[in-house]
1. Arrange the peptides 3-11, 26-34 so that the one whose residues have, on average, the most other Cβ atoms within 10 Å appears first.
2. Of all alpha-carbon pairs in the chain, indicate the percentage at a distance above 18 angstrom.
3. With a cut-off of at most 11 other beta carbons within 10 Å, and DSSP calling the residue loop, which trypsin sites (Lys or Arg not before Pro) in segment 53-151 qualify? Please list them.
4. In whole angstrom, note down how far apart the Cα centers of segment 115-150 and segment 1-55 are.
5. Pop the C-beta distance of PHE149 and HIS46 into the FRET formula with R0 = 41 Å and round what comes out to the nearest 0.05.
6. Tell me, in nm to one decimal, what length is gained between LYS60 and GLU33 on full extension, where the rule is 0.36 nm per residue of separation less the Cα-Cα distance?
7. When ligands, DNA and RNA are left out and all protein chains stay put, how many square angstrom of accessible area per residue does segment 19-151 have with a 1.4 Å probe?
8. If you filter segment 41-137 for chymotrypsin sites (Phe, Trp or Tyr not before Pro), then keep DSSP loop positions with at most 10 other Cβ within 10 Å, what is left?
Amino acid sequence: NRKIIVDKLSIKKDFKLSIIHLENTLSLQKASETSVVALPLFSSYHSFYLEQMVFKKVMKLRYGFDLRFNTSYFANNYMHATGMYYLQDQVKLGDYPVVDFFVSAYLKRAKIFFKVIHINQGLSKEGYYLTQKYPIEKRAFQLGVSWNFFD
């Protein structure tokens, strides 16, 4: 019976200057048994956006970019036939930023959003894989409405 311990240190700091917002989360992580658990050493998430009230201060408008990044590591492979992940040590994945652009409008309990995910696809590196032979989502547009019925 092996005990596997994952140590993780995360730092979150948000900055605001008038309508400018910058949200940051940085994480360091290490598994006690790297031969059993594959993790990137460093990962980060950043959201840079402008937020302001519009239409006679009735609607809050937020628009900006999200950025996700992690260092390269030997990510698990996936075997589709069994539906299971397994360890590999031939191909390192990661070391690639994923950038999303978004516009969100909040009106009382409703949120309307437009998002372009993976806007930087194809700009710096040929393909990016979540696990070997399985690429992450290609550039795509999302449009949606979220409505909270209760507080």
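1. Values: 3-11: 9.7, 26-34: 14.1.
Answer by packing, highest mean first, reads 26-34, 3-11.
2. Looking at the chain, the distances longer than 18 Å represent 69 percent of pairs.
3. Values: sites: LYS56, LYS57, LYS60, ARG62, ARG68, LYS92, LYS108, ARG109, LYS111, LYS115, LYS125, LYS133, LYS138, ARG139; in loops: LYS56, LYS57, LYS92, LYS108, ARG109, LYS125, LYS133, LYS138, ARG139.
Of the trypsin sites (Lys or Arg not before Pro), the ones in loops of segment 53-151 whose Cβ has at most 11 other Cβ atoms within 10 Å are LYS56, LYS57, LYS108, ARG109, LYS125, LYS133, LYS138.
4. 19 Å
5. Numbers: r = 32 Å, r/R0 = 0.78.
The pair PHE149/HIS46 has a calculated efficiency of 0.80.
6. Numbers: separation 27, 0.36 × 27 = 9.72 nm, distance 4.68 nm.
Difference between extended and current length: 5.0 nm.
7. Details: 8970 Å² over 133 residues.
On a per-residue basis, segment 19-151 sits at 67 Å².
8. On the way: sites: PHE42, TYR45, PHE48, TYR49, PHE55, TYR63, PHE65, PHE69, TYR73, PHE74, TYR78, TYR85, TYR86, PHE101, PHE102, TYR106, PHE113, PHE114, TYR128, TYR129; in loops: PHE55, PHE74, TYR128.
Counting only loop positions with at most 10 other Cβ atoms within 10 Å, the chymotrypsin sites (Phe, Trp or Tyr not before Pro) in segment 41-137 are PHE55.
The values are calculated or read from the model by the stated rules, or taken from the named source; none is laboratory data. Being a predicted model, the structure only gives us computed values, none of them experimental. Note that we place each Cβ from the backbone using ideal geometry, even for glycine, and neighbour counts take in every protein chain shown. For accessibility, only protein heavy atoms count, side chains too; no ligands or nucleic acids. Shrake-Rupley method; radii C 1.70, N 1.55, O 1.52, S 1.80 Å.
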